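Nothing in this text is a laboratory measurement; each read-out follows from the coordinates by a stated rule. Since this is a predicted model, take the numbers as computed values, not measurements. Glycine gets a Cβ as well: all are built from the backbone with ideal geometry, and neighbour counts include every protein chain shown.
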2 protein chains.
Amino acid sequence: MAKINNNFNKLPGSYLFSEIARRVAAYSQEHPDRALIRLGIGDVTRPLPAAVTAAMHKAVDEMATAQGFHGYGPEQGYDFLRNAIAQHDYKARGVEIQPDEIFVSDGAKSDCGNIGDIFHRDNVVAVCDPVYPVYVDTNAMAGRAGEYDATVGRWTKLVYMPCVAENGFSPEIPQTPVDLIYLCFPNNPTGAVATREQLKAWVDHANRTGAVILYDSAYEAFITDPAIPHSIFEIDGARTCAIEFRSFSKTAGFTGTRCAYTVIPKELERDGTPLNSLWNRRQCTKFNGVPYVVQRGAEAVYSPEGRAQVKETIQYYLNNAKVIRDGLAAAGLTVSGGENSPYIWARTPDGMGSWDFFDKLLREANVVTTPGAGFGPSGEGYIRLTAFGEADATRQAVERIKVVL
Amino acid sequence: MAKINNNFNKLPGSYLFSEIARRVAAYSQEHPDRALIRLGIGDVTRPLPAAVTAAMHKAVDEMATAQGFHGYGPEQGYDFLRNAIAQHDYKARGVEIQPDEIFVSDGAKSDCGNIGDIFHRDNVVAVCDPVYPVYVDTNAMAGRAGEYDATVGRWTKLVYMPCVAENGFSPEIPQTPVDLIYLCFPNNPTGAVATREQLKAWVDHANRTGAVILYDSAYEAFITDPAIPHSIFEIDGARTCAIEFRSFSKTAGFTGTRCAYTVIPKELERDGTPLNSLWNRRQCTKFNGVPYVVQRGAEAVYSPEGRAQVKETIQYYLNNAKVIRDGLAAAGLTVSGGENSPYIWARTPDGMGSWDFFDKLLREANVVTTPGAGFGPSGEGYIRLTAFGEADATRQAVERIKVVL
C-alpha cells in the first residue's frame, strides 16, 4: 500500500494567494458590476521589453529550421546567458561570480522550494515573520517544520525572526542555533531593505556557526539607494555561507515567461561537500533546463536597449509605489517600504485585523490587497500593496482607499 | 551547522549521459577531424512544426502589448491547453480525463522526479531493469533506495524487475510487496511495448495491493500497432491506481522548448487523501507554471495543421528506426524495439560488454550510442540506438557500424 507524505496534511488551509483569489471571485460573482483594482498579488502588468520580444521572435525562427533548431540545452542554462548574468549582475557591481556558479531555472519560487532537496531533513530553519509563504510551506512538506500550531499560527520546529515596526522590519539574529536562514531583501512583504552592515552581521554569524543563508534578492532591481547592496555577494565572506536567488520576473516582466537563476559559489561546502555540486546533480536529475526561446529573451535584458527598457519599466513601478506610499500616508495610515521596493507595507487603522481590512478594502473600495496575517503572525495588523499595477488604476485605487478610511 | 542530504553522496559516479558526453568530448578532442554521428542521447533533430512556431510568434506579439500581456498563469496550466489535451489525447481515444486532472509542466523528467515529494519516504519502489536513470536517482536522493551496492550495480532497497530477452523485455509482477511501480511504455531503453492484457495485470495488481503505478508514456506517439494502448487510462481500473506522465518533447520536438503534463485522476487516493490534491499543492507551492508562449505552442500541436506536421515528423523518425533495425539485423546483431518506439535495443556481438561496444562504435565507426549497462545491470550486453537523428546521417551511421562488425 503506497503511503503519502503526511507532512502535506499538516499544511493549514490553502495557499495565501489561493484564498485571496477565492474571496475575490466570490465578491465578483455577487457584484459583477464592480470593477476591481488589484494591488494584491505581486504580478506585473507592463509588457515585455521590446528587446526581449525581438530576441524571442528571432529564437522562434531558429527553432523553425533544422539548422537553427535547439533540442536539450544544458540543464544549468546556456553559456550566453550565464556569461551575461555574471558580467552585468555581478562584475559590473564589482562582484566576481563565475558562470558555472550560476544555475538558470524556471523561477525563484521553484528554486527556493527545490533547494531543500540538497539539505538534510534535520536542519533547523529560520524564517522572517512575516515571510513569503513558499519558504515555510516547502520546509513543512519536507518535514523540517514540525507541527503547525494553529493557536499561534506557527510551526513548532521553525525559528521565527519577527520583523516589526519596533526593529524597523529588520530581523535579529536568532539566539538559538539555526542551520538554514532564509533572508529576502528588498523584503517581500514589508518592502524593507538591508544595509551593508546588517548583511555583514548575518554573513559573519553564518560563517561562525556553519549556517547557510538562502538569500532571495528577486527585487534587487528596485533598489534606488546607492548604499544598499543588491547581492549578498557584495559582502565579504558570503562565498562560504550563502546561496542567492534572482529572477527576471519583476525586473523584466517575466512572471509569465519564467526565467530565474540561483548562485552557489564553489567555496560553499558543508559536510565536506560543495553545495554547487549537489545542486548541479539535483538539477541535472530533476530538471531539464529553461526553454531556449526564453533564455534568448532573458539574454536580451542585458543588451543596451533591453537595459534602457527595463529601467523605464522599473521607474514606472517605482512611481506607482510613491503614489501608494504618499497617498496612504496622507490619509493617515502608517506606511513603510515602497522606496527601494515594489511593496508597500501599511498598518491597518484602529488595530483592525488584516483580513478584516482586506475585506473592507475589497468590498468598500473594490481594491484587492494582501492581508499581512497571510505572511505570518507578525504580519497581523498590516496589509501589503504592490506597485505592479497600471499607473492610472493605481492612482484611482489610492483615491478609492482614501474615501473609505 | 547546516547538514547536507547525505543520500546524494551515495549516488554512484555521474549521470549516464554526462559520462557519455565526457567520453565523446575526450574522443573528439583527440580526433578533431572525425565527424561523429550521434544516435545516443534521445534528443530530437527535426525543427518545431510550423503550426507551433506560428503560435509562438503570435504569443510573443501578445506579450509585447499591455493588452495582450500575460503574467503569472495558473500553476496547473492554462485551460486552453488542458482542454486540448483532454480532448485530443484522451477523449479521442475513448478515455474520459477531466481538464483538472491534467497538470501542465516543464517536463516529464521534472515530474517523474518531483512526484516523489507527495509520497512517504518509506514506500518500497519497483523499477524495471534496465531503466531510465531518473526514476532510480531521484528515489535515491529521497532516501528510498537504501545503499548502492557497486558489486551488483543495484540499490539495496529498490525492487528490480528484469526486462530481458527471456521475458520479451516485459517485466514480471514482483513477488514481494511494493508500493510505487514505475512503468514506461513504449519503453526507454528497450523499445518494448505493453499489450492491453499485460497492462490490465499491472492495474489489477496495483488495485489489489494499493500500489501506485507511475506510468511514463512519453513515447506513445510512436505506437504504430493499433492494438497497443497509448495510455494506462485505456485500462479499466487505472483511475484508482495510476499516475501518467506525458511529454511534448518527442512528439512535437519540445526537448528544448519544455512542455509536458501529468495526469492524476480524482479517484486516486491513498491514506484517505486524493493524490490530485497533493500534487496540486506541491505544484502551487514549488512551481509557477509553464511560459505562456510555450503553452500556446503546445496548444498548436493539436490544430489540424499541427497534427499533420507532427505525424510527418514521427513518420520521419520511424523510418530511421526501420533503417537502424533492419541494418543491424542484416549485419547479424540481435535487435528489438524500433517498431512502436524510437529506440532500438541491440545485443552486443560475442558477449562484448556494453561500454566496450560503446567505445568500439565511438572509435571505429564514429557513432555515438548509449551503453545498455548505463540503464542497469540487465542492460549489460546491449546498446541503445535512437531514431531521432537526420535520415542521411542515420543511414550513414548504420553503414559505418556494419563495416566494423
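Values as computed for the structure displayed
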item: Extension reserve of the B:Ala201-B:His31 stretch, reckoned as 0.36 nm per residue once the Cα distance is removed; result: 56.1 nm
item: Distance in nm between pseudo-label sites at B:Asn9 and A:Thr65 (7 Å out along the Cβ direction from Cα); result: 5.1 nm
item: In range of the label at A:Glu147: residues from the range A:1-39 whose backbone nitrogen is under 17 Å from the point 7 Å along Cα→Cβ; result: A:6-13
item: For the range A:212-354: Kirkwood Rh in Å [reciprocal of mean 1/r, alpha carbons]; result: 17.8 Å
item: A:Ile173 paired with B:Val403, simple spin-label distance in nm, labels 7 Å along Cα-to-beta-carbon; result: 6.9 nm
item: Residues B:Phe80 and A:Glu305, FRET efficiency given R0 of 45 Å [Cβ-Cβ distance, rounded to 0.05]; result: 0.90
item: Alpha-carbon centroids, the range A:314-349 and the range B:185-251: separation in whole Å; result: 54 Å
item: Charged-residue dipole, Cβ positions (Lys, Arg, Asp, Glu), the range A:1-150 about Cα centre, Debye nearest 20; result: 360 debye
item: Selection from B:Tyr219, B:Ala84, B:Cys163 lying farthest towards where the dipole of the range B:53-303 points positive, charges on Cβ; result: B:Ala84
item: Computed FRET value (nearest 0.05) for B:Thr273 with B:Arg93, which takes r as the C-beta separation and R₀ as 35 Å; result: 0.75
item: The range A:163-260: GluC sites (Glu not before Pro) in DSSP coil with no more than 13 other Cβ atoms inside 10 Å; result: A:Glu172
item: Simple Cβ-charge dipole of the range A:179-286, Lys/Arg +1 and Asp/Glu -1, about Cα centre, in debye nearest 20; result: 460 debye
item: Label spacing, shortest first and in nm, from B:Thr151 to its equivalents in the remaining copies (7 angstrom along Cα→Cβ); result: 5.5
item: Inter-copy spacing of A:Pro174 label points, which lie 7 Å from Cα along Cα→Cβ, given in nm from shortest upward; result: 3.7
item: Rule-of-thumb Rg ratio for the range B:275-405 [Cα; 2.2 N^0.38 Å; N residues]; result: 1.38
item: Label spacing, shortest first and in nm, from A:Pro304 to its equivalents in the remaining copies (7 angstrom along Cα→Cβ); result: 4.9
item: Extent along principal axes [Cα atoms of the range B:302-345; Å; largest to smallest]; result: 43, 12, 8
item: CD proxy at 222 nm, helix term only [per DSSP H run n ≥ 4: -39500 (n - 2.57); per residue of chain A; nearest 500]; result: -10500 deg cm²/dmol
item: Interatomic Cα distance distribution for the range B:53-303, bins of 10 angstrom, percent; result: 7, 31, 36, 19, 6, 1, 0
item: Gyration tensor verdict on the range A:212-293 (Cα atoms; rounded if a/c is under 1.5, prolate if a/b is larger than b/c, oblate otherwise); result: oblate
item: Range of Cα positions in the protein assembly as shown per principal axis (Å), largest first; result: 87, 55, 49
